[in-house]
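Here is the structure we will look at, set down as structure tokens.
The values are calculated or read from the model by the stated rules, or taken from the named source; none is laboratory data. Keep in mind that this is a model prediction, so the values were computed, not measured. Reconstructed Cβ throughout: ideal geometry from the backbone, glycine too, with neighbour counts over all protein chains shown.
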Ligand code: NAI
């Protein structure tokens, strides 16, 4: 049978692409080698959020007295939290299965490999079967990066070192957990295991946590996590892992850290191996598939969406990219914009960020202005955050009088950063934003307040 579209990979790019394409009438086949939902749903975003919610409940209960509530002997039951996490994942995977099936797309379990061009399209093998499709959408995702750290392979083999996959399946709470890399995965897992009772140390190569986020917000996040007991070693590059010891260089000196387990969270790389990309000549650059603004590769009819193109490596980007690709296949006018993709760190407090930082804008030659305000301008924030030190920074283009960035550390930041994202994406002018009515009292009102302080 000749398919209109064959999708490789069933994560947030692949399953959304399959649903959109099948709904639009394309005969669609999706091939997934593990589980529908991909890393995000099975061993990334979703299970982490389930665990972090348990951690937040526990942290809130520990501080309940500040709010006039008494709670004794508060502790996180890791086994129960894991059980609930598994249930959440099962529920959502079943939901994705039902909605892909409901769209009319066909799902096949197996490892897909592109064999080359056939008479009518591209040939792809999965198991014993060979399928043919007029178009391909490659959504094979990413895997944990494995840098040349001495002893890393042995540490994985011995069960001492873990990626997100293993740590999210770990049934015990290690007494001492070393987190290598203070990016998003590192901070979220450090946050959970600190609440669960581990002594956590984060070893980060840069001088700030959270990757390229606003430096002041990174500092505040670190301060809040340190209050939970997490230790940070910054400016430290891990060079070796030996016998339960992490070796790192700090200010030119070699130091060691003893731990019971180590999470290696130092970035991810596109999963382009063994896909048969070379059989049709798909172009790669620094290990990622090269795509244009409609997610086309250099090969006609072949598209790539999600982490595999290395552009933004976020689930929400992946889904939107797949939609753009499918729209292009359908001849609809659409293109991908990367200007206002929200980034969130789901720690407690959360960090929500979108668009330019002041520094980034200036580096691009924009005449930019920043308005910084304490979250205490929000009545609801004050009501719900005893002793909270959150801030919000809005970045404006002075010449165009538009908002070009928002950076927030506060509870609910994950939920309302999209409001700023829409303003950035649509290059909304300050005067127009002032006319929006925000619900009161909400934490989101901080954006309105910031715009009035421009
Ligand atoms: P990341 O790129 O966010 O952070 C990796 C960190 O490791 C960086 O800060 C880097 O400086 C540090 N590092 C690299 N080599 C090191 C070394 N030898 N020693 C010490 N530190 C070193 O990568 P992460 O946290 O692994 O996340 C991977 C991907 O997953 C990201 O692309 C992220 O977008 C995605 N993700 C997103 C989440 C979210 O949106 N909330 C949650 C979890 C993952």
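Among the helices (runs of 4 or more DSSP H) contained in region 374-442, which hold 1 or more residues that are touching a helix residue (DSSP H, G or I) at 6+ places or on another chain (Cβ under 8 Å) and within 15 Å of residue 355 (Cβ to Cβ)?
Ranges flagged: 413-425, 430-433.
Output yes when any residue across region 102-125 is more than 16 Å from the ligand (Cβ to nearest atom), under 30 Å from residue 28 (Cβ atoms) and part of a helix (DSSP H, G or I), and no when none is.
yes
If only one of 285, 323 is within 30 Å of residue 126 (Cα to Cα), out of contact with any strand residue (DSSP E or B) (no Cβ under 9 Å at 6 or more places or on another chain) and exposed (fewer than 15 other Cβ atoms within 10 Å of the Cβ), which one is it?
Residue meeting the stated conditions: 285.
Residues being more than 18 Å from the chain's Cα centre (by Cα) and within 12 Å of the ligand (Cβ to nearest atom): count how many of those fall in region 135-161.
Adding up the residues that qualify gives 6.
All but one of (1) within 15 Å of the ligand (Cβ to nearest atom); (2) touching a helix residue (DSSP H, G or I) at 6+ places or on another chain (Cβ under 9 Å); (3) at pLDDT 95 or above hold for residue 289; state the number of the condition that does not hold.
(1)
Go through region 308-340 and give me each residue that's away from the ligand (no atom under 16 Å from the Cβ) and assigned to a helix (DSSP H, G or I).
Across region 308-340, the qualifying residues are 322, 323, 324, 325, 326, 327, 328, 329.
Here are some residues: 190, 178, 194, 133. Which one is touching a residue at least 12 places away in the same chain (Cβ under 8 Å) and assigned by TED's automatic domain parsing to the domain that holds residue 82? Break it down stepwise before answering.
Numbers: 190 fails: assigned by TED's automatic domain parsing to the domain that holds residue 82; 178 fails: assigned by TED's automatic domain parsing to the domain that holds residue 82; 194 fails: assigned by TED's automatic domain parsing to the domain that holds residue 82.
Every option except 133 fails the conditions.
Starting from residues that are in a loop (DSSP other than H, G, I, E, B), in contact (Cβ under 8 Å) with a residue 40 or more places away in the chain and near the ligand (Cβ under 10 Å from one of its atoms), keep the ones in region 218-270 and report whichever is farthest from residue 155 (Cα to Cα).
Of region 218-270, the ones in a loop (DSSP other than H, G, I, E, B) are 228-230, 234-235, 243-244, 251-252, 259-260, 265-267.
With in contact (Cβ under 8 Å) with a residue 40 or more places away in the chain added as a condition, the list becomes 228, 230, 234, 244, 259-260, 265-267.
Imposing the further condition that a residue be near the ligand (Cβ under 10 Å from one of its atoms) reduces the set to 234, 265-267.
Working: 234: 23, 265: 14, 266: 15, 267: 18 Å.
Across region 218-270, the extreme among qualifying residues is 234.
Please determine whether any residue of region 62-82 is more than 24 Å from residue 137 (Cα to Cα), free of Cβ contacts under 8 Å to residues at least 60 places away in the same chain and surrounded by 15 or more Cβ atoms within 10 Å (Cβ to Cβ).
Taking every residue of region 62-82 in turn, at least one turns out to be more than 24 Å from residue 137 (Cα to Cα), free of Cβ contacts under 8 Å to residues at least 60 places away in the same chain and surrounded by 15 or more Cβ atoms within 10 Å (Cβ to Cβ).
Under 8 Å between Cβ atoms, at least 6 apart or on separate chains: pull out the pairs that start in region 29-48 with a residue that is touching a residue at least 60 places away in the same chain (Cβ under 8 Å) and end on any residue that is within 11 Å of the ligand (Cβ to nearest atom) and assigned to a strand (DSSP E or B).
39/142
Give me a count of the residues in region 162-177 that are over 24 Å from residue 255 (Cα atoms) and either more than 9 Å from the ligand (Cβ to nearest atom) or surrounded by fewer than 19 Cβ atoms within 10 Å (Cβ to Cβ) (or both).
Adding up the residues that qualify gives 9.
State all residues of region 178-213 that are closer than 22 Å to residue 242 by Cβ, assigned to a loop (DSSP other than H, G, I, E, B) and near the ligand (Cβ under 8 Å from one of its atoms); if no residue qualifies, say none.
If the condition is that a residue be closer than 22 Å to residue 242 by Cβ, assigned to a loop (DSSP other than H, G, I, E, B) and near the ligand (Cβ under 8 Å from one of its atoms), then 181, 182, 204, 205 are the ones that fit.
Just to be sure, is residue 250 surrounded by fewer than 18 Cβ atoms within 10 Å (Cβ to Cβ) and either out of contact with any strand residue (DSSP E or B) (no Cβ under 8 Å at 6 or more places or on another chain) or outside the structural domain of residue 26 (by TED's automatic domain parsing) (or both)?
When the stated conditions are applied, residue 250 passes them.
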